[in-house]
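Structure first, commentary second.
The values are calculated or read from the model by the stated rules, or taken from the named source; none is laboratory data. Just so it is clear, the model here is predicted, and its values are computed rather than measured. Glycine also receives a Cβ, built like all others from the backbone with ideal geometry; neighbour counts cover every protein chain displayed. Note: areas computed on protein heavy atoms with side chains; ligands, DNA, RNA excluded. Shrake-Rupley method; radii C 1.70, N 1.55, O 1.52, S 1.80 Å.
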Amino acid sequence: MPSRRLCPSAALVAALLASLISASVATALASAASAHVRSAPLPSSRLRQVLVVADDADGLESTHGGLLRALRAAGGKLKLASTRSAAAGLRGKGGRYLYDAVVLLAPSADALSSALDADAVAAFVDAGGDALLTIEPSSGRALREMAYELGVDCGAPGAALRDHVNYNAAAEGKQVAGEEELELEILSDEVMREAWVVGEGVARESLWAPVACRGCVPLYVDERSELGARVLLAPPSAYAAAPAPSRGARAPASEPARHALVAMLQARNGARAVVAGGAHMLSDTAFEAAVALPGGGASHAKSGNEQLAAELIAWLMHARGHLRASPLRHSRPGESASPDAYRVGEEMEVSLEVEEWDGAQQRWAPYAGTDVQVELVRMHPHVRTTLDRAANGTFSAQLAIPELHGAYTLRVNYARLGRTVVEVEERVVVRPLRHDEHEGFFADAWPYYHISAAGA
């Protein structure tokens, strides 16, 4: 079939229209180009203000001294307050938050004021504050509502976990004597493998000894949750029961869902929260306790409670897993400046820096992740690729621009468990081909341009 050629006038009109459309599209869409970087507030080198609330604040140094030392080692400046004290509030004059984090060591529900109820703690977390919450079987509605606001369900009031297989045989007086069931100290080393939460050593090699927990509340976290997770699982043989069953009562059957002893939350605004199913596991008694599995099983002179608590405190205080990113840079290959508009079908080079806060060194360090992706979006992603990481923390990639002109969003939306969300966006303009950029069109149309110009 013979090729179809344009008449001189049609070719001239087509050329002029293509030029006008290309120029108008580039001009109109260039106004839409903008940059957007969103990440959690950056930790500073100053000490983080931490409010620690307990029923007996004066006795905390003797009962939970190890936990307080871990908070101070992670950069916390502590304010100890009793639940009945006027200082047990998060806001100061003018409604400004006075603290960066709050620690609630199982205070009694009746003593909580409106300045520290479930709504107050939820608003504190929504504003970017961090929270550590411990729940006891005797904890009332206020604390349970706090945990629920953080995505953790504490089960029925008064329920506690029991285990007749994986309990601490080294604990004194924790046996089952005759028909009378006494409180058992559960042992568990089933910790999550997320290094940004529990530390690289724990994630790779697990805890050096099981964690001991006495009278722990069963915690439930939706496994489909993108923000929460179970940090420490109870053994499969553990079940939830009333804290003091009556004589001769039958223990309930094990539930199909695995209970958690410790749960965590990483909010989208960068706030972090840890919920522990008992204040005992964070006490000095549990830190120094010897642990041994029944029946001559493995024994350790010291439990893994202190190790796990120190790692969780480091994560809670943003000593690791806190990320920041630079604005996106984009250009044509071999160039450094960003153009006003790209042509359809061109190549684009994209790069940015991602850094992680090193709390131990008090400095920003190159982020070591290898799964950062960039997208080119117009209504939906047209291009998605993984960025290559350099040793200095620069992530880069080369993209092929689609054959569709318009306004695009160049986007990095990095959300991983245990790490702050990094969202970086940059608007880019893609223009259509000009009349002299179509393959074969300019050469075919040149004689008609010449004839049209000579006739004029």
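Close contacts from the stretch 56-76, counting a first residue that is touching a residue at least 40 places away in the same chain (Cβ under 8 Å) and open to solvent by less than 10 Å² (accessible area, probe 1.4 Å) and a second that is part of a helix (DSSP H, G or I) and among the β-branched types (Val, Ile, Thr), with Cβ to Cβ under 8 Å and a gap of 6+ residues or different chains, come to Leu67/Ile313; Leu71/Ile313.
Scanning the stretch 180-228 for residues that are part of a strand (DSSP E or B) and of a type in the set (D, E, K, R), we see that the one that is least open to solvent (accessible area, probe 1.4 Å) is Glu185. Only a single item in (1) open to solvent by less than 40 Å² (accessible area, probe 1.4 Å); (2) in contact (Cβ under 8 Å) with a residue 60 or more places away in the chain; (3) in contact with an Asp or Glu (Cβ under 9 Å, 6 or more places away or on another chain); (4) farther than 20 Å from Arg214 by Cα is not met by Gly151, and it is number (1). Per the listing Arg272, Arg324, Arg268, Arg258, the residue uniquely without any contact (Cβ under 8 Å) to a residue 40 or more places away in the chain and touching a Leu at 6+ places or on another chain (Cβ under 9 Å) is Arg258. With respect to the conditions (1) assigned to a loop (DSSP other than H, G, I, E, B); (2) at pLDDT below 90, Ala289 lacks only one, and its number is (2).
Being buried (at least 21 other Cβ atoms within 10 Å of the Cβ), of a type in the set (Gly, Ala, Ser) and either free of Cβ contacts under 8 Å to residues at least 24 places away in the same chain or farther than 18 Å from Arg272 by Cβ (or both) holds for only one residue in Gly295, Gly345, Gly304, and it is Gly304.
Quick grid of which residues meet (1) over 30 Å from Val198 (Cα atoms); (2) in contact with a Gly (Cβ under 7 Å, 6 or more places away or on another chain); (3) surrounded by 17 or more Cβ atoms within 10 Å (Cβ to Cβ):
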{"position": "Tyr367", "(1), (2), (3)": "no, yes, yes"}
{"position": "Arg389", "(1), (2), (3)": "no, no, yes"}
{"position": "Arg411", "(1), (2), (3)": "no, no, yes"}
{"position": "Arg419", "(1), (2), (3)": "no, yes, yes"}
{"position": "Val422", "(1), (2), (3)": "no, no, yes"}
{"position": "Glu425", "(1), (2), (3)": "yes, no, yes"}
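In the set (1) under 24 Å from Leu312 (Cα atoms); (2) touching a residue at least 60 places away in the same chain (Cβ under 8 Å); (3) not charged (D, E, K, R), the condition left unmet by Leu404 is number (1). Restrict the check to the stretch 299-306 and report whether at least one residue is within 27 Å of the chain's Cα centre (by Cα) and either modelled with pLDDT under 90 or assigned to a strand (DSSP E or B) (or both). No, because not a single residue in the stretch 299-306 is within 27 Å of the chain's Cα centre (by Cα) and either modelled with pLDDT under 90 or assigned to a strand (DSSP E or B) (or both). Across the stretch 348-362, the number of residues qualifying as open to solvent by 50 Å² or more (accessible area, probe 1.4 Å) and at pLDDT below 90 comes to 3.
With respect to (1) part of a loop (DSSP other than H, G, I, E, B); (2) surrounded by 15 or more Cβ atoms within 10 Å (Cβ to Cβ), the lone exception for Ala337 is condition (2). In the stretch 369-387, how many residues are under 23 Å from the mean Cα position of the chain (by Cα) and open to solvent by 50 Å² or more (accessible area, probe 1.4 Å)? So the count comes out to 5.
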